Amino acid sequence: MNVSYLRDRPEFLSSLAPAIVAHYRSLVPEESMESRNAKLRSHLNKDELPIAWVAHSGDEALGMAALRVHDLEGREDLTPWLGGVFVRPEHRRRGVASQLCRVVEDKAWSLEFETLYLFTTDQQSLYSRLGWELWQKALWRGNPVDIMVKKR
Ligand SMILES: CC(C)(COP(=O)(O)OP(=O)(O)OC[C@H]1O[C@@H](n2cnc3c(N)ncnc32)[C@H](O)[C@@H]1OP(=O)(O)O)[C@@H](O)C(=O)NCCC(=O)NCCS
């Protein structure tokens with residue numbers, strides 16, 4: 001498996017975006033392929049946020065993750081965020097997300113950020129295993145989420 005900047009492999013958008021839209025359909029029903037593609041296209045950066053990475057095996061996209069200025073509406077006081085962590089269902093539980101998270105963290109530290117945030121509805125155990133700590137409760141679209149934090 002390799003992890004590349006999405007900017008270097010934008011062709012993977014065509015397989016990742018539909019899977020992401022399908023996964024979040026019940027939570028984000030207003031999202032279209034066009035809006036998701038536009039959002040991901042805004043992440044085609046390497047040294048300024050937002051930045052996205054794609055995990056791939058040869059020419060097959062496995063998953064992606066991003067480093068964003070903001071991710072949770074209402075918590076614009078916190079920055080930056082690990083967000084957009086998504087692995088295609090057939091490639092899960094093989095460490096793909098774990099590797100993506102490490103790449104995002106390393107980039108945040110190399111950009112001299114001292115603290116990184118994320119929010120999750122149900123993946124607390126994954127992130128705890130990766131060294132993240134529970135920090136605060138919040139709401140995302142009416143759903144309870146945990147904000148987690150990682151220090152440099
Ligand atoms: C959550 C998600 C990103 C995890 O992706 P993943 O690639 O399966 O994650 P990993 O393989 O790194 O870790 C997942 C679990 O598999 C386990 N695992 C990792 N490698 C493994 C291996 N080789 N064999 C068996 N289990 C393994 C990990 O220990 C982890 O278990 P834990 O959650 O109990 O700690 C993926 O399920 C997903 O895309 N879900 C939908 C979107 C989503 O919820 N995103 C997160 C938003 S916060």
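Let me have the relative contact order for the chain, percent, based on Cα pairs under 8 Å that are six or more residues apart. Computed value for the chain: 18 percent relative contact order. Please work out, to two decimal places, the log10 of the ratio I(q)/I(0) at q = 0.11, 0.17, 0.20, 0.22 Å⁻¹ from a Debye calculation in which every Cα of the stretch 13-152 carries one identical scatterer. Rounded to two decimals, the profile gives -0.38, -0.99, -1.43, -1.71. Apply the a/c threshold of 1.5 to the C-alpha gyration tensor of the stretch 12-86 and tell me whether it is rounded, prolate or oblate. Oblate, because a/c is 1.5 or more while a/b does not exceed b/c. Within the shell defined by Cβ-Cβ distances under 11 Å, the residues around residue 69 carry a net charge of -2, with Lys and Arg each +1 and Asp and Glu each -1.
For the chain, what is the mean residue ellipticity at 222 nm derived from helices alone (per DSSP H run of n ≥ 4: -39500 (n - 2.57); sum divided by total residues; nearest 500 deg cm²/dmol)? It would help to have the intermediate numbers written out before the result.
Numbers: 4 runs with 41 residues, N = 152.
Theoretical 222 nm ellipticity from helices: -8000 deg cm²/dmol.
Given a Förster distance of 22 Å, report the FRET efficiency between residue 1 and residue 24 from their Cβ-Cβ distance, rounded to the nearest 0.05.
On the way: r = 24 Å, r/R0 = 1.09.
The calculated FRET efficiency here is 0.40.
Would you mind ranking 53, 81 by Cβ crowding within 10 Å, fewest neighbours first? Don't skip to the end; give the middle numbers.
On the way: 53 26, 81 23.
Fewest-to-most ranking of 53, 81: 81, 53.
With the convex hull drawn over the C-alpha atoms of the stretch 93-152, the volume per residue is 85 Å³.
Each other residue within a Cβ distance under 10 Å of residue 131 adds +1 if Lys or Arg and -1 if Asp or Glu, for a net charge of +2. If you place +1 on the Cβ of every Lys and Arg, -1 on the Cβ of every Asp and Glu, and leave all else neutral, what size is the dipole of the chain about its Cα centre, to the nearest 20 Debye? Roughly 360 debye, rounded to the nearest 20.
No lab work stands behind these numbers, since they all come straight from the coordinates. All figures in this text were calculated on a predicted structure; none of them were measured in a lab. Glycine gets a Cβ as well: all are built from the backbone with ideal geometry, and neighbour counts include every protein chain shown.
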